[in-house]
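K.L.:
Just dropping this structure here.
The values are calculated or read from the model by the stated rules, or taken from the named source; none is laboratory data. Note that the coordinates shown come from a computational prediction; the quantities given were computed from them, not determined experimentally. Quick reminder, even Gly has a Cβ in these numbers, built from the backbone with ideal geometry, and neighbours come from all protein chains shown. Keep in mind that these areas ignore ligands, DNA and RNA; they rest on the heavy atoms of the full protein, side chains included. Shrake-Rupley method; radii C 1.70, N 1.55, O 1.52, S 1.80 Å.
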Amino acid sequence: MAKTPARAETEKAKDSKPRLEVRQAMLKDVRAIQALGKRAYPDMQSYSQAQLRGQIQNFPEGQFVAIYDDTLVGFAATFLIDEKTALKPHDWVTITGNGYASRHDEEGDMLYGMEVMVDPRFRGLRIGQRLYNERRRLAQDYQLKGIVFAGRMPSLAQKVRRKEVESPEDFLEQIREQNLRDRVVSFQMRNGFEPIGILRNYLPGDKESMGHAVHLVWWNPAVVEAPAGRTKTKAQRGRLAHTVRVACIQYQQRRVRSFEEFAENVEYFVDVVADYKSDFAVFPELFTLQLLSIENEPIPPDQAIATLTKYTERLKELLSRLAVHYNINIIGGSHPTLDEDGDIVNVCYVCLRDGSIHAQAKIHPTPNEAYWWSIVGADDVRTIQTDCGPIGVMICYDSEFPELGRHLVDQGAQILFVPFCTDERKSYLRVRYCCQARAVENQVYVALAGNVGNLPGVPNMDIQYAQSCILTPCDFPFDRDGVAADTTPNVEMVAIADLNLDTLRQARMTGTVQNLRDRRFDLYSVQWRKEKTRTT
């Protein structure tokens, strides 16, 4: 049976493949890793193929590579070791078994990070942060006490020559006091690793670090408290294991003079929420209507929406670039899109941090959207697999139809994202109350992001009302009133919350009420007519 045009546009976007992935290293990667080492550290001796084979074969689960557009651009090597050995003074040759990871101890309670290297041509993609995140996940999965490694100090030699510091210890103290910055040590401290001292003569061949290294540790809060006298750095921001950090951006509509100015506004918010280590940045429905203010001339609604569709490819490129660069998944609000048959659909582009682009078109256009803009509804709603688990998207009015939320949760969704655009409080409350109902009846998290501000020269975008929020089921493990976070109404700001997926699963199995488990499948169910053709 033929596909509808709206569905064809959605499936076209779903064909996008990941551009960047982090996976376990394999023996077939050895030559590429060796070549990467020569690019990353041209003044230092690269690993031999035998050493790399030893690392991979001694502890396969602990070696990671980053692949970007089929090019190996990052590598991280680790092994297990006991806490006593990891925390006492040591050098690189001794602790790593001369680079073979032959000191790997299956009974070890600490993860030792022996190597991280990133292709200098791709350092803007936060490859290092992704590799460190994989290390942390591994430590959490293995329930290890923590992670230990020796960090390079690439600006040490220069600082000593200039007499800005007297010793490696002085150098580290200046960084602690934020009087100096080092691109490696400062990065590691921002990612929650605590310096516990200097390892002198750790790697004599590292001339930039004068052969020395910073001894760093991260304590796994799920297993052990940090020892007395040691505190978490501010950069950790209290992040717990098995949580997903969601940031809903309450976006202000204001006049822009070019697409580039619009892109700067969008990037500003992505940058901010990425700095808070958010997993998702959520933009509102139709936030791209701001682009019509470039000309800022009243034009008929049908012409206005046709003009907006010309920005589709530029928008997708922008959001995908930001997702990869800032290492964050972006729920791209929604944007009117012209499909291959000439119909206009309201599409949310979901751009993941691996570079893939997914799409969910709006199923139910509002009466105004259908009348003024001739927007048609799609006929397919599917979950999108992310590195934080399956998610679903319901665009504004779609959230007011309980069948959609139930269909997405039946497919495994744990978080439902609702970009919305409402003009006044009553309209907003219809969306808000329905989303709270979806959270309760499906025992799922629901995140809403809306527009504020005004666009006087843009028809049907005159006024906005929003109070963006992140909603939870209503039961003892969750936040009071079922609200994890919300914003001040009609003020440009961000709502951020950590959503614990383990708590959600526990509530579904043993909660005070168990809405999903207690459904009467003998009486009712949601059946999706996937191949139904829309007629004109």
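K.L.:
Over region 434-536, calculate the relative contact order: mean separation of alpha carbon pairs under 8 Å at least 6 apart, over the residue count, as a percent.
P.N.:
In percent, rounded to a whole number, it is 22.
K.L.:
Report, by chain and number, residues whose modeled amide H sits under 5 Å from the one on Asp109, excluding near sequence neighbours (fewer than 5 apart, same chain).
P.N.:
HN-HN under 5 Å from Asp109: Ile81, Asp82, Glu83.
K.L.:
In region 263-324, what GluC sites (Glu not before Pro) fall in a loop by DSSP, with at most 16 other Cβ atoms inside 10 Å?
P.N.:
Counting only loop positions with at most 16 other Cβ atoms within 10 Å, the GluC sites (Glu not before Pro) in region 263-324 are Glu295.
K.L.:
Of His407, Gln527, Val513, whose Cα points farthest to the positive end of the dipole of region 404-536 (charges on the beta-carbon: +1 Lys, Arg; -1 Asp, Glu; origin at the Cα centre)?
P.N.:
The listed residue farthest towards the positive side: Gln527.
K.L.:
In whole angstrom, note down how far apart the Cα centers of region 79-95 and region 37-72 are.
P.N.:
Taking the Cα centre of each part, region 79-95 and region 37-72 sit 20 Å apart.
K.L.:
Going 7 Å from the Cα of Arg123 along its beta-carbon direction, which residues of region 148-168 have the amide nitrogen within less than 17 Å of the resulting point?
P.N.:
151-159
K.L.:
Order these peptides, 169-178, 391-400, by their mean beta-carbon neighbour count within 10 angstrom, highest first.
P.N.:
Taking the mean over residues of other Cβ atoms within 10 Å, the ranking is 391-400, 169-178.
K.L.:
Right, next: Divide by every residue of the chain the summed helix terms, -39500 (n - 2.57) for each DSSP H run of at least 4, and state the resulting mean residue ellipticity at 222 nm, rounded to the nearest 500 deg cm²/dmol.
P.N.:
Taking each H run of at least 4 residues, the total per residue is -9000 deg cm²/dmol.
K.L.:
Probe of 1.4 angstrom, ligands and nucleic acids ignored: what's the accessible area per residue over the chain, in square angstrom?
P.N.:
On a per-residue basis, the chain sits at 44 Å².
K.L.:
Spin-label point model (7 Å from Cα, Cβ direction): what's the Glu295 to Glu403 distance in nm?
P.N.:
Reported label-point gap for Glu295 and Glu403 is 3.9 nm.
K.L.:
State the percent of C-alpha pairs, over all pairs in region 416-536, separated by a distance greater than 26 angstrom.
P.N.:
The proportion of pairs with Cα distances above 26 Å equals 37 percent.
K.L.:
Just one of (1) 81, 79, 47; (2) 74, 56, 46; (3) 96, 67, 51 is Cα extents along the principal axes in Å as worked out from the coordinates here. Which one is it?
P.N.:
Derived directly from the coordinates: (2).
K.L.:
Another one. Could you work out how far apart the two model spin labels at Ala35 and Thr488 are, taking each label as a point 7 Å from the Cα in the direction of the beta carbon, and quote it in nm?
P.N.:
In this crude spin-label approximation the distance works out to 5.5 nm.
K.L.:
Once you keep just the Cα pairs under 8 angstrom separated by 6 or more residues, what percentage relative contact order results for the chain?
P.N.:
13 percent
K.L.:
Let me ask you something else. For Lys88 and Phe259, calculate 0.36 nm times their separation in residues minus their Cα-Cα distance, and state this gained length in nm to one decimal.
P.N.:
Length gained, Lys88 through Phe259: 56.0 nm.
K.L.:
In nanometres, what is the gap between the two model label sites at Ala437 and Ile463, each 7 Å from Cα along Cα-to-Cβ?
P.N.:
Reported label-point gap for Ala437 and Ile463 is 2.6 nm.
K.L.:
State the percentage of accessible surface on the chain attributable to carbon and sulfur atoms; use a 1.4 Å probe and exclude ligands, DNA and RNA.
P.N.:
About 48 percent, which is the carbon plus sulfur part of the accessible surface.
K.L.:
Could you work out how much longer the chain between Lys310 and Arg200 gets when fully extended? Use 0.36 nm per residue separation minus the Cα distance between them, nm to one decimal.
P.N.:
Extra length available between Lys310 and Arg200 comes to 33.7 nm.
K.L.:
What FRET efficiency comes out for Gln158 versus Asp275 if R0 is 35 angstrom and r is the Cβ-Cβ distance? Round to the nearest 0.05.
P.N.:
0.80
K.L.:
Quote the charge dipole size of region 71-159 about the Cα centre in Debye, to the nearest 20; the model charges only the Cβ of Lys and Arg (+1) and of Asp and Glu (-1).
P.N.:
So the dipole magnitude of region 71-159 works out to roughly 600 debye.
K.L.:
If you average the alpha carbon positions of region 382-438 and of region 122-142, how far apart do those two centres end up, in angstrom?
P.N.:
30 Å
K.L.:
Out of the GluC sites (Glu not before Pro) in region 43-128, which ones are loop residues according to DSSP with at most 12 other C-beta atoms within 10 Å?
P.N.:
Glu106, Glu107
K.L.:
Are any of the pairs Lys84/Lys159; Lys362/Lys426; Lys84/Lys145 more than 23 Å apart by Cα-Cα distance, and if so, which?
P.N.:
Over 23 Å Cα-Cα: Lys84/Lys159.
K.L.:
Would you kindly find the accessible area of Val347, with a 1.4 Å probe and non-protein molecules such as ligands, DNA and RNA excluded, rounding to the nearest 10 Å²?
P.N.:
Here the accessible area works out near 0 Å².
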